[in-house]
Amino acid sequence: VSTQSTGVFPRCWHPRMSDNRGPPLSHDVLKYYRQIKQLIDGGELGEEEQQALIANVYKDIDANKAHTKLAWHREGSMILEQVLNMSTPDQVHSFLSIFFNAASFAELCADRFSSHVIETSLALLFRLGLEEEKKGVKRAAGKAMLELLVLVCEKVGEVWGRLVIDAHGSHVLRTVLKAIKGLAPEVQATGAKRHSKGRRGPGVPKKLTPVAALRPIEDQFIADFESTSDWDLRELAYHAQGAPVLIEMLDMCKGDVAEKMIRGLFGLSTGEPDSALLYDSVGSHVADRAIECASDALLLKIHAELFRGKLKEHSLHGCANFTVQRVLSRVDHEGLAKGCLQELLPILEELLSRGRGGVVHKLLDMCARLRFEQGEVLAAMLRALEAQVGGAEDDKDAGMRKLLDMGVLGSAILQTIFVLDPEISKPAARSFANVASEWAVALSKDATSSHSMDSFFRSQALPKFKTKVLKRMFGNLTELAMDKFGSRVLEACYKASDIKQKKRMVEELARDEGRLSANFFGRFVLQNCKVTRFREAGVGAWEQAEEAGESKREQFGDLLGEENLFGGGDEEAVSYTHLTLPTKRIV
């Protein structure tokens with residue numbers, strides 16, 4: 001990356017070299033706070049004693065003007081976080097009103113220890129501020145938490161150009177941006193080290209509760225980034241601390257502002273498209289989010305300028321392959337899908353051999369989602385898998401064994417296979433049944449493979465394939481019912497079985513009802529597999545209830561699609577909500 005800069009993000013700012021801190025904590029003062037920590041950690045204080053202790057701590061802080069001195073210190077900052085979390089709203093407001101108005105506020109945000117105190121304070125203010133705005137909680141005069149939350153967010157906004165590339169200040173800035181979006185800040189365990197969580201997929205969306213009072217600050221942040229030059233945006237995208245902030249801003253900005261930023265990042269605004277961002281270990285994260293946030297029209301432009309004719313090159317790279325996966329997940333029409341297939345189908349074997357199975361999975365998922373060329377891509381993938389297994393020409397199920405050995409990625413691919421059209425996935429379902437029947441119990445109890453088993457039984461695979469696997473599970477049903485993962489597979493088996501198989505399953509489970517009722521997972525199996533009804537009402541009443549339930553399922557299946565009942569479903573009603581895909585992105 002070029003060293004040119006417009007000066008928005010000063011490189012020479014060293015916040016920890018300032019003299020604004022004043023003298024450090026004395027030994028005697030630090031000894032006092034260590035004793036406070038021991039009392040708090042001991043957990044032997046009553047409620048009144050704890051309140052008195054916290055009140056005394058604040059008196060001492062005020063007397064010694066130690067509001068920021070504690071935050072600068074490694075041990076002092078941890079003690080201060082504990083005290084804040086145990087304080088009343090009035091105490092929190094009184095302390096933070098002085099703390100946030102310190103002359104060294106920017107340095108507090110950028111310090112290794114005091115930055116944690118500010119993040120903890122933001123979490124407290126967000127929670128207490130929501131109580132005021134959403135629940136109408138009234139505070140004493142001059143003690144409103146919402147006003148204090150707005151104050152600290154404004155102060156961070158005033159110095160964000162300094163914090164954005166600082167190792168610690170960027171965390172404070174990201175916490176503020178998340179709070180502005182309505183995402184409750186998470187408070188780390190006291191003294192916990194920050195660490196990277198790796199590349200992750202979208203996962204489960206967290207609930208957003210926007211605070212209306214922060215909307216003007218959000219508008220100001222958006223205006224600041226809108227006026228930031230393309231050069232500085234790209235500089236941020238390559239920066240280890242700046243890139244996560246830029247990702248938060250891409251999520252926050254909407255419409256034309258986001259489009260302008262994304263065009264600038266990829267060089268589209270100048271007519272000089274540049275794919276270098278895709279190949280950078282930091283920048284690829286930004287490129288990934290930019291593609292996710294791009295409009296449909298801009299996505300087509302990005303594909304035409306940066307991906308068309310280059311999918312092989314991008315897919316084989318350790319960083320760029322993630323952006324290819326993101327593009328494939330955004331494809332929404334057959335024309336674009338056809339172009340992607342033409343480039344990627346011939347290299348499936350190379351992708352698998354080079355450890356780029358994530359691209360193969362997203363390609364299969366794209367075809368399943370669009371109901372387009374499903375058979376072609378599935379057949380090509382199975383051939384590529386078989387080619388990976390040397391000396392196994394006589395083993396027709398070698399490709400499936402290889403898939404099961406691929407761990408989380410293999411499980412994700414299998415779950416996608418089982419939502420393909422039944423006729424297309426039939427050979428794969430047969431092969432899976434052959435392999436799974438050999439290790440039915442072990443696969444069902446495995447944290448990863450159990451998801452494949454679950455999807456198999458919930459799919460529209462032929463009943464004879466499911467029966468073949470189920471037969472190998474009989475005799476071990478109690479063991480499965482008492483297992484965290486096996487119990488889920490067992491319930492899926494029950495729903496997918498006919499009345500004869502259900503009866504045999506319930507009879508076996510009823511023999512160990514005492515053990516199952518004493519087990520956390522076993523209790524759910526007893527309830528969901530109707531074991532208690534079988535014992536109390538008798539076989540005849542149980543069979544009538546099951547047949548009536550099956551009849552209702554068939555009636556509603558025509559209207560809702562079987563997928564809405566327990567998986568499977570016709571091609572127009574396929575839902576991917578039940579797929580348990582890996583949270584960690586696969587290279």
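Can we say Glu44 is open to solvent by 30 Å² or more (accessible area, probe 1.4 Å), out of contact with any strand residue (DSSP E or B) (no Cβ under 8 Å at 6 or more places or on another chain) and either among the acidic types (Asp, Glu) or not in a helix (DSSP H, G or I) (or both)? So Glu44 passes the test.
Among the residues of the range 398-430, how many are open to solvent by less than 20 Å² (accessible area, probe 1.4 Å) and in a helix (DSSP H, G or I)?
Of the range 398-430, the ones open to solvent by less than 20 Å² (accessible area, probe 1.4 Å) are 398-400, 403, 409-420, 425, 428-429.
Adding the requirement that they be in a helix (DSSP H, G or I) leaves 398-400, 403, 409-417, 425, 428-429.
Qualifying residue count for the region: 16.
Test Phe465 against the criterion of being in a loop (DSSP other than H, G, I, E, B), in contact (Cβ under 8 Å) with a residue 24 or more places away in the chain and open to solvent by 10 Å² or more (accessible area, probe 1.4 Å), and give yes or no. In short, no. In the range 373-383, the residue that is nearest to Asp332 (Cα to Cα) out of those that are hydrophobic (A, V, I, L, M, F, W, C) and open to solvent by 30 Å² or more (accessible area, probe 1.4 Å) is Ala379.
Just to be sure before I move on: is Arg139 open to solvent by 10 Å² or more (accessible area, probe 1.4 Å), modelled with pLDDT of 90 or more and of a type in the set (Lys, Arg) in the structure I sent?
No, not satisfied.
Within the range 312-327, is even one residue under 25 Å from the mean Cα position of the chain (by Cα), under 15 Å from Gly267 (Cβ atoms) and not in a loop (DSSP other than H, G, I, E, B)? Write out each step before concluding.
Initially, the range 312-327 is screened for residues under 25 Å from the mean Cα position of the chain (by Cα), giving 314-327.
Now restrict to residues that are under 15 Å from Gly267 (Cβ atoms): 323.
Filter once more, so that each one left must be not in a loop (DSSP other than H, G, I, E, B): 323.
Checking the range 312-327: at least one residue is under 25 Å from the mean Cα position of the chain (by Cα), under 15 Å from Gly267 (Cβ atoms) and not in a loop (DSSP other than H, G, I, E, B).
Taking residues in the range 309-334 that are open to solvent by 10 Å² or more (accessible area, probe 1.4 Å), and partners anywhere that are of a type in the set (Lys, Arg) and part of a helix (DSSP H, G or I), the pairs with Cβ atoms closer than 8 Å and at least 6 places apart or on different chains are Gln325/Lys362; Ser329/Lys362.
For residues that are acidic (Asp, Glu) and assigned to a helix (DSSP H, G or I), scanning just the range 274-311, find the one that is farthest from Gly264 (Cα to Cα). Selected residue: Asp296. Among the residues of the range 52-62, is any in a helix (DSSP H, G or I), open to solvent by 60 Å² or more (accessible area, probe 1.4 Å), of a type outside the set (Val, Ile, Thr) and modelled with pLDDT of 90 or more? Looking through the range 52-62, at least one residue is in a helix (DSSP H, G or I), open to solvent by 60 Å² or more (accessible area, probe 1.4 Å), of a type outside the set (Val, Ile, Thr) and modelled with pLDDT of 90 or more.
Would you check if there is a residue in the range 559-568 being modelled with pLDDT of 80 or more, among the small types (Gly, Ala, Ser) and out of contact with any Pro (no Cβ under 9 Å at 6 or more places or on another chain)? Give the derivation first.
Taking the range 559-568 as the starting set, the residues that turn out to be modelled with pLDDT of 80 or more are none.
So far as the range 559-568 goes, no, none of its residues is modelled with pLDDT of 80 or more, among the small types (Gly, Ala, Ser) and out of contact with any Pro (no Cβ under 9 Å at 6 or more places or on another chain).
Criterion first (open to solvent by less than 30 Å² (accessible area, probe 1.4 Å), outside any helix (DSSP H, G or I) and over 17 Å from Val282 (Cα atoms)) does Thr209 satisfy it?
Working: open to solvent by less than 30 Å² (accessible area, probe 1.4 Å): no; outside any helix (DSSP H, G or I): yes; over 17 Å from Val282 (Cα atoms): yes.
In short, no.
Collect the residues in the range 508-527 that are assigned to a helix (DSSP H, G or I), within 13 Å of Leu477 (Cα to Cα) and either open to solvent by less than 50 Å² (accessible area, probe 1.4 Å) or aromatic (Phe, Trp, Tyr) (or both), keeping them in residue-number order.
Step one: filter the range 508-527 for residues assigned to a helix (DSSP H, G or I), giving 508-510, 513-517, 520-527.
Cutting the leftovers down to within 13 Å of Leu477 (Cα to Cα) gives us 508-510, 513, 515-516, 521-522, 525-526.
Correct list: Glu508, Leu509, Ala510, Glu513, Leu516, Phe521, Gly522, Val525, Leu526.
Taking the range 345-363 on its own, how many of its residues are within 16 Å of Leu278 (Cβ to Cβ) and either open to solvent by less than 10 Å² (accessible area, probe 1.4 Å) or out of contact with any Ser or Thr (no Cβ under 7 Å at 6 or more places or on another chain) (or both)?
From the range 345-363, those within 16 Å of Leu278 (Cβ to Cβ) are 356, 358-359, 362; that's our starting set.
Now narrow it down to the ones that are either open to solvent by less than 10 Å² (accessible area, probe 1.4 Å) or out of contact with any Ser or Thr (no Cβ under 7 Å at 6 or more places or on another chain) (or both): 358-359.
So the count comes out to 2.
The values are calculated or read from the model by the stated rules, or taken from the named source; none is laboratory data. Since this is a predicted model, take the numbers as computed values, not measurements. A quick note on method: Cβ atoms are made from the backbone with ideal geometry, for glycine too, and the neighbour counts reach across all protein chains shown. We work out accessible area using only protein heavy atoms, side chains counted, and drop any ligands, DNA or RNA first. Shrake-Rupley method; radii C 1.70, N 1.55, O 1.52, S 1.80 Å.
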